[in-house]
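Notes for the one structure printed next.
No value in this document is a laboratory result; all are computed from the given coordinates. Note that the coordinates shown come from a computational prediction; the quantities given were computed from them, not determined experimentally. Glycine gets a Cβ as well: all are built from the backbone with ideal geometry, and neighbour counts include every protein chain shown.
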Amino acid sequence: MTQRSPFLPQYSDLPEEIAIFPLPNAVVLPGGFLPLNIFEPRYIAMVQDAMRNNQLIGMVQPKPNLASPNSDDIYSIGCAGRIFKYQETLDGRIELALIGVSRFEILSEVDGANGYRKVKVAWSGYKSDFDTPDSVDSELDQKFRAALRHYMNDQQLKTDWSTLEQLSVGDLCNSILSFLPLTSDDKQLLLETQSLADRIKAFAAVLLNARANNKPTTH
């Protein structure tokens, strides 16, 4: 996000506790966007509580192959998103969109409310999410865009390239991740990558690896 929205909280405004929404393959990065369709009563309550307070929801991914609901069944690193679009539907759902604010580390789980989970978090390891990112060299920029284009063509994903080309490579990287059918592990890796340049480099490698794994074997 080249220009930070004036509606987003500052680092000093971030809460010590946050409601979390564990959802596989649903990752939002700082400055990125994530659309959500909310229909479970506990998560409708979570969204309504967030709207009455700071509009923040913590997105975290469940760890694979773990069924028991405890603090060890989710990854310890997530990202808070602020609700910036909200629409109630006649069939009892809430359609909303989040914009990524900052990553966090889960310290412990606390008593929740209305059936949803809350955690105590530390933001200090990701204070750089509030900084203006350093520029990315043109070679890495071109490498990432080429890898993304090839991957999306392979996946037959319809894309408005004229719009994407107008984004900086940082905004493109942080915005597009939510919409790609990558694995939970790959998305978690990119979420936890500290600097923007390292994330773009890792993202390009993930896309190239995904292409290689999806190609049919020839004999």
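Miscellaneous remarks
- Put in order of Cβ neighbour count within 10 Å, fewest first, the listed residues Val206, Val28 become Val206, Val28.
- Estimated dipole of the chain in Debye, rounded to 20 [Cβ of Lys and Arg +1, of Asp and Glu -1, Cα centre]: 360 debye
- Exposure proxy order (Cβ contacts within 10 Å, fewest to most) of Asp141, Asp13: Asp13, Asp141
- Check: the range 114-201 dipole with +1 on Lys, Arg Cβ and -1 on Asp, Glu Cβ, in debye: 500 debye
- Placing +1 on the Cβ of every Lys and Arg and -1 on the Cβ of every Asp and Glu, with nothing else charged, gives the range 11-130 a dipole about its Cα centre of roughly 180 debye.
- Average Cα contact separation per residue, the chain, under 8 Å, 6 or more apart, as relative contact order %: 25 percent
- Difference of contour (0.36 nm per residue) and Cα-Cα distance, Asp137 to Asp49: 27.4 nm
- Annotation: extensible slack from Asn25 through Arg149 equals 42.6 nm (criterion: 0.36 nm per residue apart, minus Cα-Cα distance).
- Remark: the range 139-153, residue by residue, has Karplus-estimated 3J(HN,Hα) of 5, 5, 4, 5, 5, 5, 4, 5, 5, 5, 4, 5, 4, 5, 5 Hz, where x stands for each Gly or Pro and the curve is 6.51 cos²θ - 1.76 cosθ + 1.60 at θ = phi - 60°.
- Comparing Tyr43, Leu190, Tyr151 along the charge dipole axis of the chain, the residue lying farthest to the positive side is Tyr151, per the Cβ-charge model.
- Rounded if a/c under 1.5, otherwise prolate or oblate - the chain, Cα gyration tensor axes: prolate
- Under-5 Å amide H pairs with Val101, H placed in peptide plane, nonlocal only: Gly31, Ala80, Gly81, Arg82
- Pairwise centroid distance, computed over Cα atoms, of the range 81-110 with the range 3-53, Å: 3 Å
- Met152, Met51, Met46 arranged by Cβ crowding within 10 Å, fewest neighbours leading: Met51, Met152, Met46
- Stretchable slack from Leu107 to Glu95, in nm (0.36 nm times residue separation minus alpha-carbon distance): 1.4 nm
- Built amide H within the under 5 Å cut-off of Tyr75, gap 5+: Gln61, Lys63
- The angle separating the long axis of helix 41-52 from the principal Cα axis of greatest extent in the chain is about 90 degrees.
- Distances between placed amide hydrogens fall under 5 Å for Val110 paired with Lys118, Val119, Lys120, all partners being 5 or more residues away or on another chain.
- Positive-pole candidate from Ala212, Leu167, Val27, dipole of the chain, charges at beta carbon: Ala212
- Förster-model FRET efficiency, 35 Å R0, Phe7 and Ala122, C-beta, rounded to 0.05: 0.90
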